[in-house]
Amino acid sequence: MHEEGSTTILDRNSRDRERERDQTRINERIRKSPVRVIDEEGEQLGIIPTEEALTKARAVGLDLVEVAPLAAPPVCRIMDYGKYKYQQNKKQHKSHSHHAKTKEIRLRPKTGDHDIEFKVKQAITFLKHKDKVQVSIQFRGREMAHVDEGHRVMKQVIALLEEFGKVESTPKQMGRRMMCTIAPKTGA
């Protein structure tokens, strides 16, 4: 039981810290008077005392929110503060962009057609998520004598991925490995 009580205290403290970090003044926290007031429809009500603006906000069941504290006089808006905060959070999360990663699919010169199709499906999902795909073909032992078979597999994979991505770096032989990078199409 003691732990339950302490977690609620911790939760309250974190909420209080969150409120302190939020510099937006609402309702009674607005210190300056008079203020320029904009109502819920966006109409300017003019410059009025803060107490009168609070009365108007409460009459319609909304909050008085200081939107431009540095203006002279400060600008306040009558709005639903909870809804406003929700929309701000939504905008903030939407602004985070996707950072492209490079995903790799590995093949061998003797990889069967069905296995190639499966790997290509994986590569398509990577490209649809705006990630780059590095196709690498690994040669082992005597397979180095059949590099042309590796080229055939690489061309097949590139052809299957053609509509989802474009070849960023052409196939290159690096020792026992052949590699090629495919970037997602920008218009897709």
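The values are calculated or read from the model by the stated rules, or taken from the named source; none is laboratory data. Because the structure is a prediction, the values reported are computed rather than measured. Positions of Cβ are backbone-derived with ideal geometry, glycine not excepted, and every protein chain shown enters the neighbour counts. Areas reflect the complete protein model, heavy atoms only, side chains present, ligands, DNA and RNA absent. Shrake-Rupley method; radii C 1.70, N 1.55, O 1.52, S 1.80 Å.
Within the bounds of the stretch 123-140, is there any residue that is of a type outside the set (A, V, I, L, M) and under 30 Å from Lys32 (Cβ atoms)? Even if it seems obvious, please write down each step before you answer.
First pass over the stretch 123-140, keeping only residues of a type outside the set (A, V, I, L, M): 125-126, 128-132, 134, 136, 138-140.
In the following step, the residues that additionally are under 30 Å from Lys32 (Cβ atoms) were identified as none.
No - not one qualifying residue is present in the stretch 123-140.
What tally of residues in the stretch 93-107 results from selecting those that are without any contact (Cβ under 8 Å) to a residue 24 or more places away in the chain and either surrounded by 12 or more Cβ atoms within 10 Å (Cβ to Cβ) or of a type in the set (Gly, Ala, Ser) (or both)? Before you say what the answer is, go through the steps one by one.
Taking the stretch 93-107 and keeping what is without any contact (Cβ under 8 Å) to a residue 24 or more places away in the chain, we get 93-97, 99.
Subsequent filtering for residues that are either surrounded by 12 or more Cβ atoms within 10 Å (Cβ to Cβ) or of a type in the set (Gly, Ala, Ser) (or both) retains 95, 97.
Count: 2.
Being assigned to a helix (DSSP H, G or I) and under 26 Å from Ala145 (Cα atoms) is the filter here, so list the residues in the stretch 77-113 that pass it.
Asp113
Only residues in the stretch 135-156 that are over 15 Å from Ala123 (Cα atoms) and open to solvent by less than 60 Å² (accessible area, probe 1.4 Å) count as the first member; pair them with residues that are assigned to a loop (DSSP other than H, G, I, E, B) and of a type in the set (Phe, Trp, Tyr), Cβ under 8 angstrom, at least 6 apart or cross-chain, and list the lot.
Val147/Phe139; Gly150/Phe139
Hey, among Lys94, Lys121, which residue is charged (D, E, K, R) and modelled with pLDDT under 95?
Lys94
Please go through the stretch 169-184 and give me each residue that is surrounded by 14 or more Cβ atoms within 10 Å (Cβ to Cβ), of a type in the set (A, V, I, L, M) and closer than 30 Å to Gly141 by Cβ, ordered by number.
Passing the criteria: Met178, Met179, Ile182.
Residue check: is Gly82 under 30 Å from Thr24 (Cβ atoms) and loosely packed, with under 12 Cβ neighbours inside 10 Å?
Details: under 30 Å from Thr24 (Cβ atoms): yes; loosely packed, with under 12 Cβ neighbours inside 10 Å: yes.
Here the answer is yes, as Gly82 does meet what is asked.
Please find, among Lys166, Lys121, Lys128, Lys110, the residue that is basic (Lys, Arg), open to solvent by 50 Å² or more (accessible area, probe 1.4 Å), within 29 Å of Ser97 (Cα to Cα) and in contact (Cβ under 8 Å) with a residue 24 or more places away in the chain. Explain how you work it out, then say what you get.
Values: Lys166 fails: in contact (Cβ under 8 Å) with a residue 24 or more places away in the chain; Lys121 fails: in contact (Cβ under 8 Å) with a residue 24 or more places away in the chain; Lys110 fails: within 29 Å of Ser97 (Cα to Cα).
Result: Lys128 is the single residue among Lys166, Lys121, Lys128, Lys110 that is basic (Lys, Arg), open to solvent by 50 Å² or more (accessible area, probe 1.4 Å), within 29 Å of Ser97 (Cα to Cα) and in contact (Cβ under 8 Å) with a residue 24 or more places away in the chain.
Which of (1) touching a helix residue (DSSP H, G or I) at 6+ places or on another chain (Cβ under 7 Å); (2) modelled with pLDDT of 95 or more does Ile78 not meet, given it meets every other one?
So the condition that Ile78 fails would be (2).
Can you pull out every residue in the stretch 22-52 that is surrounded by 13 or more Cβ atoms within 10 Å (Cβ to Cβ) and assigned to a helix (DSSP H, G or I)?
Asn27, Thr50, Glu52 - these are the residues of the stretch 22-52 that are surrounded by 13 or more Cβ atoms within 10 Å (Cβ to Cβ) and assigned to a helix (DSSP H, G or I).
With respect to Ile116, determine if the residue is among the aliphatic types (A, V, I, L, M) and part of a helix (DSSP H, G or I).
Values: among the aliphatic types (A, V, I, L, M): yes; part of a helix (DSSP H, G or I): yes.
When the stated conditions are applied, Ile116 passes them.
Yes or no: Pro73 assigned to a loop (DSSP other than H, G, I, E, B) and more than 30 Å from Val157 (Cα to Cα)? Give the steps one after another, and end with the answer.
Details: assigned to a loop (DSSP other than H, G, I, E, B): yes; more than 30 Å from Val157 (Cα to Cα): yes.
The answer is yes for Pro73.
Step by step: first the residues of the stretch 53-69, then only those that are open to solvent by 50 Å² or more (accessible area, probe 1.4 Å) and modelled with pLDDT under 90, then the one that is farthest from the chain's Cα centre (by Cα). Which residue is that? Let's see the steps before the verdict.
Taking the stretch 53-69 as the starting set, the residues that turn out to be open to solvent by 50 Å² or more (accessible area, probe 1.4 Å) are 55-56, 58-61, 67, 69.
Retained after the next criterion (residues that are modelled with pLDDT under 90): 67, 69.
Numbers: Val67: 26, Pro69: 30 Å.
Going through the qualifying residues, I end up with Pro69.
How do the pairs read when you match residues in the stretch 23-40 that are on the phi < 0 side of the Ramachandran plot with residues anywhere that are of a type in the set (Lys, Arg) and open to solvent by 30 Å² or more (accessible area, probe 1.4 Å), using Cβ under 6 Å and keeping only pairs 6 or more apart or on different chains?
Qualifying pairs under 6 Å: Ile38/Arg77.
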